[in-house]
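Structure first, commentary second.
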Amino acid sequence: MTSCIRPGCAGHIMGTGYCDTCGHRHLEPRAESRTESRSESPPPPPGPGEPPGPQPTHAVAGVGELDQHGLVLLPDVPAPEGGLVEDPRPPTGGRRCGANGCTMIVGIGYGGQPAPAKGRCPRCGTPYSFLPLLDKGDLVAGHYRILGCLARGGLGWIHLAEDTSADGHRVVLKGLIDVHDALARRNAVEERRSLTGLHHPDIVRIITYVEHQAPAGPPTGYLVMDYIGGRSLQQLFDADDAERVFQGRPRLDHVLTYGCKILGALQYMHERGLLYCDMKPANVIHFGRAIKVIDLGAVRATGDRGSAYVYTASFAPPKEEVDSRGWHVDSDLYTVGMTLQALARGTEAARGLAPDSFRLLIDRATHAEPRARFRSAAEMSRQLWEVLREFRSLQFGEQLPESSTRFRATEASLDAGLGAIPSLGHWTGRPGEHPAGLDVSPPAAAEVAGALPEPVPDPDDGAALLLDTFPPDAPDRVARQWPRESRLGTPETALWLCRAYLRKGAQGEAQSWLAEAETLLGERAAAYDWRIAWHRGVLHLSKAEVRRAGSCFEAVYRALPGEYVPKLALGYCAEHAGEQRTGRAMRFYEAVWARDFAHTAAAFGLARGHLATGDRDAAVRVLDDVPATSRHYDAARIAAVRVRAGVLHGRAPSVADLRDADHRLPELHLDGGAADGESRARLVAEVRENVLHCRPKSGWGPEFPTGDLLGAGAEDALRTLLEQSFRQLAAQARTAGEHGRLLDLAHAVRPMSRF
């Protein structure tokens, strides 16, 4: 297998083109822009250690450009003027003493008095001080000249300084709040050891660690970091001029872009065995068009259960959870979810399904059960990136096609016959002589179950590659080898067998293998594995248990809020439940179709939804957007003719509808051979029959489309043309019964003779 080329990633490139570890796509260098080909999938968000490269790929007027990774090109935030703290004050609420494990809170005012800046711990007597130990003009390590205090960090004062040995280059010195605080000293040492080796474009650079001897007391250690001259996300989103910076209210795609960049930084740290622990809007600086994650004072090694945790309670998992299980990767992702939720509160209203997808993403990141959360920053970033694309397509009409990393592509249109030429049974199988109305019902549940995309096998499963060597329609062979071949005894094999038996209609065997997959995963893991929910949903669909299937697909949507496939399945379930008029089915179909016009199953779902409300024009507009490169292009054009000329909910087409149908029908490519000639004859017969039986008593009027298709609109002329059509269809009959029935219809519409 090809190894992933991204820095720090030990994964391999799957057959889908995506890394099985970091989740990012492997791209060969190419000169063309991704906008030159609609079928080209764009690159994913930047990976760990990868520079952001804000090179715009395209723009939508007034809504900002996207960079080469498909993220929003952020607004330019200049460095603020001033910003130094004139009167450093003690922290509100005090701090824990920490001397030799003392848990007493010091620095609290009593009796209405202000909190003292320094003093002694009432419990252990250790002196404390919240005052900065450096004054303006002090020289640290011989060349860092202090300019003043920037802010008070979680573990110490943050000073702005200039490096006199580097032409006044500005740096930040972060020291301890109290040199007597043993916990703070220990954390500072850990910072020095673990952070000076971090080099990521979205993480503040730690230059060095220095000590400074004050006139009195022990020496104090300081981390020297790059100065980032911007504003924290908290300051930026709370500022009075936020609308000026963002040229309006911040949007959801801004928040999602921040999230992808933050997660890229955290993934880099996680791969190096570090946990950030204190993500919040105040710890991310937006400067220029970039961001930096700052304040690394809470960073700890993965698996460290000995040192005290430093985090902000309002952004962290519950204290009870941290105390019982410690801090993990999913704990970091929890803080990212809370950070994005806080930023999103002030954003501009978004349309369509994107707000729901974002909410579900946050719900998964901050789920009360850690097993239900994202497993890695890369996994969460991928879903953020997908929701960003959903937002942009729904909000601004951008087409943003991409291949799913979770599901294989499907070629099914699920048009429910709307895009098909009527068969002879359309006439020979009906009881009466009058045409039936246009059928706008959804496809059968079993058809959908067989047409939905299949999940991509888990590359970490030992049988994933082996299964590709078996024919998909021969599950019995694999089932026989199951007990003899150790490599096959995996959850992916059981899920493969579940799908294979479903294709054969063997629902009992499929159910058994799905249960086997759950057993192999373990009950607790299976409860939060979206693959189990997906297969259970497809199994319910195959039994026409649509409501139960919908509940399963909802679980998949909650786990993968950015993926389009669960939304396609939910659109169908909502449509089957008659929820077109409430808009629920349409919202799901629209979210899929707006992103990529290659997903024609969503196009036909949208068209049926519009037809359910009697809106022919909207249905045809959707069908017309099916690209000429699609294999379902002709089906969409046929459907447009049938929609224009059909009887919809008992209502006849308008003259304008008929004119459009008359214009479209000759452009259909249906005369490539004998079979195509038969197809054209059947479609013409359907149009003529609808027009004759819907003809108003007063006639169609002067705007009626006269010509070879419909004549002049007079009743006798229409009857003559339809009689000819039925005789043509009779020539296509395969049985004597069909032939006789079609001739009977021809005689029934024949104009009355006059003598």
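The values are calculated or read from the model by the stated rules, or taken from the named source; none is laboratory data. Keep in mind the model is a prediction, meaning the values are calculated, not measured. Positions of Cβ are backbone-derived with ideal geometry, glycine not excepted, and every protein chain shown enters the neighbour counts. All accessible areas refer to the heavy atoms of the entire protein, side chains included, with ligands and DNA or RNA removed. Shrake-Rupley method; radii C 1.70, N 1.55, O 1.52, S 1.80 Å.
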Q: Show the residue pairs that are 6+ apart or on different chains and have beta-carbon atoms under 7 Å apart, the first residue being within region 611-631 and on the phi < 0 side of the Ramachandran plot and part of a loop (DSSP other than H, G, I, E, B), the second being open to solvent by 70 Å² or more (accessible area, probe 1.4 Å) and not aliphatic (A, V, I, L, M).
A: THR613/ARG581; PRO627/ARG38; ARG631/GLU411
Q: Specify the residue that is surrounded by the fewest Cβ atoms within 10 Å (Cβ to Cβ); the eligible residues are those in region 273-284 that are under 16 Å from VAL172 (Cβ atoms) and over 25 Å from the mean Cα position of the chain (by Cα).
A: ALA282
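Could you please find all residues in region 125-145 being at positive phi and among the aliphatic types (A, V, I, L, M)?
ALA141
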Q) Of all residues in region 460-470, which are open to solvent by 50 Å² or more (accessible area, probe 1.4 Å) and either of a type outside the set (Val, Ile, Thr) or within 17 Å of THR519 (Cβ to Cβ) (or both)? A) ASP460, GLY462, LEU465, ASP468
Q | Filtered residue count, region 351-394, keeping only those that are over 23 Å from VAL245 (Cα atoms) and not in a helix (DSSP H, G or I) | A | 10
Q: Just need a number here: residues in region 154-173 that are at pLDDT 85 or above, touching a strand residue (DSSP E or B) at 6+ places or on another chain (Cβ under 8 Å) and of a type outside the set (A, V, I, L, M, F, W, C).
A: 6
Q: Provide a single number: the residues in region 74-115 that are in contact with a Leu (Cβ under 9 Å, 6 or more places away or on another chain), at pLDDT 70 or above and surrounded by fewer than 18 Cβ atoms within 10 Å (Cβ to Cβ).
A: 5
Q: Go through region 301-321 and count every residue that is part of a helix (DSSP H, G or I) and surrounded by 15 or more Cβ atoms within 10 Å (Cβ to Cβ).
A: 2
Q. Out of all the residues in region 701-708, is one or more part of a helix (DSSP H, G or I) and touching a Lys or Arg at 6+ places or on another chain (Cβ under 7 Å)?
A. no
Q | Given (1) under 24 Å from VAL310 (Cβ atoms); (2) in contact with a strand residue (DSSP E or B) (Cβ under 6 Å, 6 or more places away or on another chain); (3) open to solvent by 40 Å² or more (accessible area, probe 1.4 Å); (4) at pLDDT 85 or above, number of the condition LEU134 does not satisfy | A | (3)
Q) Would you call ALA265 closer than 30 Å to LEU394 by Cα and in contact with a His (Cβ under 9 Å, 6 or more places away or on another chain)? A) yes
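Regarding GLN234, is this residue closer than 30 Å to ILE146 by Cα, open to solvent by 10 Å² or more (accessible area, probe 1.4 Å) and polar (S, T, N, Q)?
yes
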Q: For GLU348, work out the one condition from (1) of a type outside the set (Val, Ile, Thr); (2) in a loop (DSSP other than H, G, I, E, B); (3) open to solvent by 30 Å² or more (accessible area, probe 1.4 Å); (4) without any contact (Cβ under 8 Å) to a residue 60 or more places away in the chain it doesn't fulfil.
A: (4)
(Q) If I ask for residues that are over 11 Å from THR164 (Cα atoms) and out of contact with any His (no Cβ under 8 Å at 6 or more places or on another chain), which ones from region 139-152 would you list? (A) ALA151, ARG152
Q: Quick one: count up the residues across region 643-666 that are in a helix (DSSP H, G or I) and either surrounded by 23 or more Cβ atoms within 10 Å (Cβ to Cβ) or among the aliphatic types (A, V, I, L, M) (or both).
A: 8
(Q) All but one of (1) part of a helix (DSSP H, G or I); (2) touching a Lys or Arg at 6+ places or on another chain (Cβ under 6 Å); (3) at pLDDT below 95 hold for LEU670; state the number of the condition that does not hold. (A) (1)
(Q) Checking GLY707 against (1) at pLDDT below 95; (2) open to solvent by 40 Å² or more (accessible area, probe 1.4 Å); (3) within 27 Å of LEU668 (Cβ to Cβ), only one condition comes out false. Which one? (A) (2)
Q: Sort out which residues of region 548-594 are at pLDDT below 95 and hydroxyl-bearing (Ser, Thr, Tyr), and write them in order of number.
A: THR582
Q | Residue ID - farthest from ASP439 (Cα to Cα), chosen from residues in region 601-642 that are open to solvent by 10 Å² or more (accessible area, probe 1.4 Å) and among the basic types (Lys, Arg) | A | ARG631
(Q) Return the residues of region 585-600 that are under 18 Å from CYS573 (Cβ atoms), open to solvent by less than 10 Å² (accessible area, probe 1.4 Å) and of a type outside the set (Phe, Trp, Tyr); say none if nothing qualifies. (A) ALA585, ALA591, VAL592
Q) From the list TYR268, TYR209, which one is under 15 Å from LEU333 (Cα atoms), of a type in the set (Phe, Trp, Tyr) and open to solvent by 10 Å² or more (accessible area, probe 1.4 Å)? A) TYR268
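Kindly establish whether SER37 is open to solvent by less than 50 Å² (accessible area, probe 1.4 Å), at pLDDT below 75 and small (Gly, Ala, Ser).
Spelling it out, SER37 is indeed open to solvent by less than 50 Å² (accessible area, probe 1.4 Å), at pLDDT below 75 and small (Gly, Ala, Ser).
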Q. Within region 419-433, can you find the residues that are farther than 20 Å from LEU670 by Cα and part of a loop (DSSP other than H, G, I, E, B)?
A. GLY429, ARG430, PRO431, GLY432, GLU433
Q) Within the group LEU256, LEU223, LEU195, which residue is open to solvent by less than 20 Å² (accessible area, probe 1.4 Å) and modelled with pLDDT of 90 or more? A) LEU256
(Q) Among (1) surrounded by 21 or more Cβ atoms within 10 Å (Cβ to Cβ); (2) within 30 Å of SER423 (Cα to Cα); (3) β-branched (Val, Ile, Thr), there is one condition VAL565 misses while meeting the rest; what is its number? (A) (2)
